[in-house]
Structures are given as structure tokens and as C-alpha cells.
Amino acid sequence: MSNTPLKVAVIGMGGIGNTHAACHQEDELAELVCVCDVIKEKADEAAERFGVPAFYSLGEVLAAYPELDIVDVTTGGLENGSWHYEPVMQALDAGKHVLTEKPISNNIAEAREMVNFAAQKKRYLGCNLNHYFSGPADKARELIAEDKIGEQVYSLTKVGFNGSAVSPSIADRNSRWQLPYSHAKAFLTHPFSVMRHFSGDISHVQAFMDKPGVRRQSSDLMLSIQSIHVRFQNGCVGYLLSQRGDAHFGLGGWWSFELAGAKGTFCIENCVEKLTYWTKDKQPEVFDTGITDFGATFPLRIHAFLEDVSNGVPLEHLRASGRDALATMEYIFAAIDSYESGGQLVTPHALPAFHGDVNIIH
Ligand SMILES: NC(=O)c1ccc[n+]([C@@H]2O[C@H](COP(=O)([O-])OP(=O)(O)OC[C@H]3O[C@@H](n4cnc5c(N)ncnc54)[C@H](O)[C@@H]3O)[C@@H](O)[C@H]2O)c1
């Protein structure tokens with residue numbers, strides 16, 4: 001591992017950009033060199049908070065720091081992803097490694113291009129798929145590796161936002177949420193990334209989407225409920241339910257994931273908080289982290305990216321890579337296709353192939 005901290009610039013100083021900047025500043029593997037936002041006040045405010053220079057375009061950042069290692073893109077946009085493509089491509093073109101927020105892009109053609117371009121440039125492209133950077137997720141992977149789950153049978157995922165159909169927060173017409181698939185594209189990348197982390201690639205997708213009557217009556221465009229049935233390549237079947245503020249979640253609250261196998265079953269609740277493991281002859285074992293704040297995933301995920309870049313891992317071994325993020329978007333677009341065709345079974349578009357590295361494969 002290199003001992004010199006990686007020089008990082010954060011692009012897009014909204015709430016999440018500020019969270020990332022704080023993570024870099026507290027991580028010994030990183031040196032936050034500057035912050036950047038096209039809105040001057042946001043850049044200036046963050047610059048003051050972190051004690052680093054402010055910039056107002058990525059071009060200026062790249063010119064000022066030729067030795068920069070990482071561009072961390074925390075812009076948002078329509079469906080929370082339309083402002084990622086441009087800075088990500090510009091940074092890769094300049095030879096920088098890139099971490100971007102999710103969804104990698106709300107546009108599938110752009111997402112594919114970003115992943116291909118990173119591979120062509122031989123740069124790391126990571127995505128903040130932070131929901132599986134947690135103690136319970138590590139514990140779950142341990143259970144799988146120790147063959148304590150066995151052949152996978154089913155998975156159940158419920159995740160979204162608690163609320164009430166009686167008083168949903170109908171967004172204003174200029175909001176990033178006023179598109180039919182805004183919840184699906186902005187958010188389902190998280191549960192799909194968790195499902196794929198534990199069970200691998202998904203081969204079949206079937207979806208229903210809807211919104212409660214109160215949203216319909218107020219002409220809210222967003223389809224706020226997704227009910228998605230999948231099959232994994234390993235033969236396991238899975239179900240994903242997500243909704244954005246239309247109802248209160250029951251068992252498991254806002255975030256629960258259960259994976260059942262022939263030898264044992266685990267369920268993670270509240271993402272970072274708790275894992276329970278059941279097996280045939282024993283009392284359930286509970287692994288409780290005592291952590292309840294979901295924000296704990298950010299420093300863990302960002303540290304993993306810094307660690308992978310510092311260690312120079314093979315490009316294809318990067319954790320939560322652009323390709324992993326693309327996989328989730330392919331599933332989301334397959335779900336949209338299925339919904340638009342009345343619930344037909346859809347095969348997601350294939351992911352780009354791995355070709356291997358001549359320095360590693362002999
Ligand atoms: N991983 C998670 O848990 C999680 C949680 C919430 C949000 N997010 C993601 O984080 C991202 C940011 O969310 P947010 O709520 O902070 O968004 P935001 O809109 O509040 O902030 C984005 C900022 O980027 C700036 N910007 C846009 N284009 C730019 C460019 N080319 N160069 C420089 N600055 C630019 C905007 O001016 C804005 O200040 C979104 O993609 C969202 O999906 C992730």
C-alpha cells in the first residue's frame with residue numbers, strides 16, 4: 001500500500017458532497033485538496049467549513065491540481081443522477097480515478113458509456129453503493145463463506161421511506177422527483193446492489209409499479225411503489241418491495257433483507273444495526289452492532305474505495321465498482337420494461353465482459 005495519502009477533490013457540495021468531504025478529511029488514506037460547486041455560495045461555504053480552496057468548475061480543479069488522484073462526484077440532478085455523466089467522463093478523460101454517487105446515471109446509455117470509458121482508460125470507477133458497507137453485511141458474507149447458509153433458496157428485500165398515503169410529500173413541479181421513474185432510478189440501485197452482493201447476478205425480472213390514489217389525484221408523476229420479482233443466476237428467487245413515503249413499513253422497518261438457504265437464514269434490519277441468524281436446531285443468534293445511524297455506511301464505503309486505490313487492486317476487483325452500479329441500473333431498466341409491458345418477464349441487458357489483466361493472469 002502506498003503511504004502517501006491520495007489527493008481528492010469533491011465535486012458538488014450539496015448535503016452529500018459535504019458528507020463525502022468530511023469522510024475524506026477524517027480518513028488517513030486521503031487528503032481533501034479542494035471542493036467545487038457550480039453554485040459559488042455552496043462551494044465557498046464548504047471551502048470555509050473544510051479549510052480548503054473553493055472552485056466553480058471541474059476544469060479549474062484539474063488545471064490547478066495536475067497531481068490529483070481522485071475526483072469524487074457528488075452531483076445529483078434529475079432522478080438524482082443526470083449530473084454525474086459529464087464530470088465523471090471529464091475526470092476519467094484527464095486520467096483520474098473516480099468515485100461517483102448513485103445512481104451511476106439515470107440514463108442507461110450514459111451509464112454503459114461511463115463504465116466502458118473507465119475500462120478503456122484503465123482507471124478505477126467506483127460508485128457509492130454504501131448499503132452493504134456495514135458490520136451486519138460483513139457478518140452475512142462470513143456466514144455465506146463458511147457455508148452456513150447453504151444453497152440459496154429465496155431473498156426478501158423491503159426498503160424505502162416511511163410515510164403515509166394520507167399526507168405524502170407531493171414534490172413541486174421543478175423537483176428532481178417529478179418524473180415517473182424517479183424513485184425507481186434514484187433509489188432501487190441500493191436494494192439491487194445489496195441483493196447482488198449476496199446472491200450474484202440477476203437473470204430474470206418482473207415488475208409492477210404504482211402510486212396511491214392521493215398521488216394520482218394531485219397529478220404527482222412519480223410511481224412511488226415498486227413490487228419486483230426476480231430470479232438469480234444461482235437459481236435463488238427474490239422479491240423486492242420499495243415505496244417512497246406512502247405507508248409505514250411493518251416488520252423490519254425501513255430497511256430489511258432476508259436471505260434463506262438450505263442450511264440457514266439471516267435477516268439484516270436497519271442496514272447497519274442488526275443481523276439475526278436462524279438454523280434448524282439452534283436458538284436464533286443475534287449480532288447487534290449497537291449502531292443505528294445509517295450515516296455510518298459513508299466513511300466505511302469511502303474508506304474501502306481509498307483502500308482499493310491505495311492498494312492498486314486489479315481494476316476488476318474494485319469493491320462497489322461502476323460495473324456493479326451498472327448492473328443495478330440494468331435491473332431497474334428491466335423492471336421498467338416489465339412494468340411498461342404489463343408485467344412481462346424481462347432478461348436484463350448483459351454486463352460488459354471482464355477480459356482479465358495480463359499482469360495478473362498467467
Ligand atoms: N448513497 C447514499 O446513501 C445517498 C443518499 C442521498 C443522496 N445520494 C446521492 O448523492 C447525490 C447528491 O445528492 P444531494 O442531495 O447532495 O444533491 P444536491 O442537488 O443537493 O447537490 C448537488 C450539488 O452539485 C452541484 N453541481 C451540479 N453539477 C455540477 C458540476 N458539473 N460541477 C460542480 N457542481 C455541480 C449542484 O450545484 C449542487 O450543489 C445524488 O446523486 C444522490 O442520489 C446518495
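Coordinate-derived values only; no laboratory data. Predicted model, so just to flag it, every value in this text is computed and none were measured. FYI the Cβ positions are ideal-geometry reconstructions off the backbone, even for glycines, and counts take in every protein chain you see.
Run lengths n ≥ 4 of DSSP H only: what is the helix-derived mean residue ellipticity at 222 nm for the chain, with -39500 (n - 2.57) per run over all residues, to the nearest 500?
-10000 deg cm²/dmol
Regarding the range 8-160, what is the average projected area of its C-alpha convex hull, in nm²?
If you wrap the Cα atoms of the range 8-160 in a convex hull and average its projections, you get 11.2 nm².
Would you work out the charge dipole size for the range 196-340 about its Cα centre, treating the Cβ of every Lys and Arg as +1 and the Cβ of every Asp and Glu as -1, and quote it to the nearest 20 debye?
Dipole about the Cα centre, nearest 20: 220 debye.
Applying a 10 Å radius around every beta-carbon, put 139-145, 227-233 in order of their mean neighbour count, most first.
227-233, 139-145
Which ³J(HN,Hα) values, rounded to whole Hz and listed in residue order, are derived for the range 305-316 from phi using the Karplus coefficients 6.51, -1.76 and 1.60 in 6.51 cos²θ - 1.76 cosθ + 1.60 with θ = phi - 60°, glycine and proline given as x?
5, 4, 5, 4, 5, 4, 7, x, 4, x, 3, 6
With a sphere of radius 11 Å drawn around the Cβ of Phe55, what net charge do the other residues whose Cβ falls strictly inside it have (Lys, Arg +1; Asp, Glu -1)?
Net of charged neighbours comes to -2.
Quick check on packing: order 26-37, 62-73 by the mean number of other C-beta atoms within 10 Å, highest mean leading. Spell out each step's value before the answer.
Values: 26-37: 20.8, 62-73: 18.7.
The densest-packed peptide leads the list: 26-37, 62-73.
What is the log10 of I(q)/I(0) for the chain, computed with the Debye formula using one identical point scatterer on each Cα and no solvent, at q = 0.13 Å⁻¹?
Values, matching the q order: -1.09.
Going by average Cβ neighbours within 10 Å, how do the peptides 299-309, 252-262 rank, with the highest at the top?
Sorting 299-309, 252-262 by mean packing, highest first, produces 299-309, 252-262.
Under a no-solvent Debye model with one identical scatterer per Cα of the range 1-88, what's log10 I(q)/I(0) at q = 0.14, 0.23 Å⁻¹?
Debye output, listed in q order: -0.43, -1.13.
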